1. Return the total of residues in the stretch 218-263 being of a type in the set (Gly, Ala, Ser), in a loop (DSSP other than H, G, I, E, B) and surrounded by fewer than 16 Cβ atoms within 10 Å (Cβ to Cβ).
2. Inside the stretch 80-126, can you point out the residues that are part of a helix (DSSP H, G or I), of a type in the set (Gly, Ala, Ser) and more than 19 Å from Val41 (Cβ to Cβ)?
3. Does the stretch 42-61 contain any residue that is open to solvent by less than 10 Å² (accessible area, probe 1.4 Å), assigned to a loop (DSSP other than H, G, I, E, B), within 20 Å of Cys197 (Cα to Cα) and at pLDDT below 80?
4. So, in the stretch 264-302, exactly how many residues are surrounded by 14 or more Cβ atoms within 10 Å (Cβ to Cβ) and among the polar types (S, T, N, Q)?
5. Please tell me if Arg239 is modelled with pLDDT under 90 and in contact with a helix residue (DSSP H, G or I) (Cβ under 9 Å, 6 or more places away or on another chain).
6. Can you name the number of the only condition in (1) in contact with a Pro (Cβ under 7 Å, 6 or more places away or on another chain); (2) buried (at least 17 other Cβ atoms within 10 Å of the Cβ) that Leu202 fails?
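The values are calculated or read from the model by the stated rules, or taken from the named source; none is laboratory data. The structure presented is a predicted model; accordingly, all values stated were derived computationally and were not measured. Cβ placement follows ideal geometry from the backbone for every residue including glycine, while neighbour counts extend to all protein chains displayed. Side chains included, ligands, DNA and RNA excluded: accessible areas come from the protein's heavy atoms. Shrake-Rupley method; radii C 1.70, N 1.55, O 1.52, S 1.80 Å.
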Amino acid sequence: MSASGGSKAIVAALVANLSIAVAKFVAFLFSGSSSMLAESVHSLADSGNQGLLLLGGRRARREATPQHPFGYGRERYIYAFLVSIVLFSVGGMFAIYEGYEKIKHPHAIENWYWPVGVLVFAIIAETFSFRTAIKESNAVRGPLSWKEFVRRSKAPELPVVLLEDLGALVGLILALVGVSLALATGDGLWDGIGTLCIGVLLILIALVLAVETKSLLLGESATTDDVRKIEEALVDGDRVTRIIHMRTLHLGPDELLVAAKIAVPNDDTAPEIAASINAAEERVRAGCPIARVIYLEPDVYRTPAPDPTPTPPSR
């Protein structure tokens, strides 16, 4: 995904969540439903999260500086990690607190048509947002399953929006069930239980996001497909005969560092070796465009000598 990839899904989610947050809060004021209050805070937190993702994408496009010679591509990972923290603290913990308070001090829901109407509207709006995120993800995930896409994607925005939208939809259904049971039984305890379930759901999603973005922050290697492309581009069988060893690292979702020791003929002159390295770099950039920072060390490959230690006779 490019530096601006997924922005359509982020903006769609932002617009949906802002409108839903206002509607939910109005419904809470008229009905007193704790599920609606938890959901309004959830939508507000999600809106802030989408703002963080957009900010991270913008900051990541800054030019490299002497202090940060490899650029700011990892800003996108940092802001995605902040999203998981916001979702956990503001969304999940608040919902659990509000659910506990409602279970401890239950009260009937007033003006039932407000929470029910808003929840139905919110489910429709979130469905459109989720559909946009799915459409954007399908354009880049290729043959990967949804689970593999979330775990292996080097660009954090779409997996974050997908999980947020999925959590929002499930949370809305839980809120609707809780409100409906509270109305049917006349017992506000069910509203509190629904709120508590929303909090647990948000915390689980936040933990998944935190684990995945932590891995990206630590630094992940290129995908298997990109490694194959780089290896095929490096070795031409003439001036570069083999790869002795190679390491790759994502400096950002769209920028890859490649460091390799390559074998060259032992009778090559310095100008010939320099030309071979330049040609190899051009081939790598053509075969894998995100490989933008390349360091190649020439060497003469020697077959490892056999171990001189004699093998003890078998008994």
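1. Step one: list which residues in the stretch 218-263 are of a type in the set (Gly, Ala, Ser), which gives 219, 221-222, 233, 237, 252, 259-260, 263.
Going one step further and asking which of them are in a loop (DSSP other than H, G, I, E, B), we end up with 219, 221-222, 237.
Now narrow it down to the ones that are surrounded by fewer than 16 Cβ atoms within 10 Å (Cβ to Cβ): 219, 221, 237.
Residues in the stretch 218-263 being of a type in the set (Gly, Ala, Ser), in a loop (DSSP other than H, G, I, E, B) and surrounded by fewer than 16 Cβ atoms within 10 Å (Cβ to Cβ): 3 in total.
2. Here is the first cut: in the stretch 80-126, the residues part of a helix (DSSP H, G or I) are 80-104, 113-126.
Those still in the list that are of a type in the set (Gly, Ala, Ser) too: 80, 84, 89, 91-92, 95, 99, 117, 122, 125.
If the condition is that a residue be part of a helix (DSSP H, G or I), of a type in the set (Gly, Ala, Ser) and more than 19 Å from Val41 (Cβ to Cβ), then Ala80, Gly117 are the ones that fit.
3. There is no residue in the stretch 42-61 that is open to solvent by less than 10 Å² (accessible area, probe 1.4 Å), assigned to a loop (DSSP other than H, G, I, E, B), within 20 Å of Cys197 (Cα to Cα) and at pLDDT below 80.
4. Here the count works out to 1.
5. Values: modelled with pLDDT under 90: yes; in contact with a helix residue (DSSP H, G or I) (Cβ under 9 Å, 6 or more places away or on another chain): yes.
Yes, satisfied.
6. (1)
Residues are listed down the side, and each one gets a yes or a no for (1) farther than 25 Å from Lys154 by Cβ; (2) modelled with pLDDT under 95:
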position	(1), (2)
Leu216	no, yes
Thr223	no, yes
His245	no, yes
Val258	no, no
Pro265	yes, yes
Ala274	yes, yes
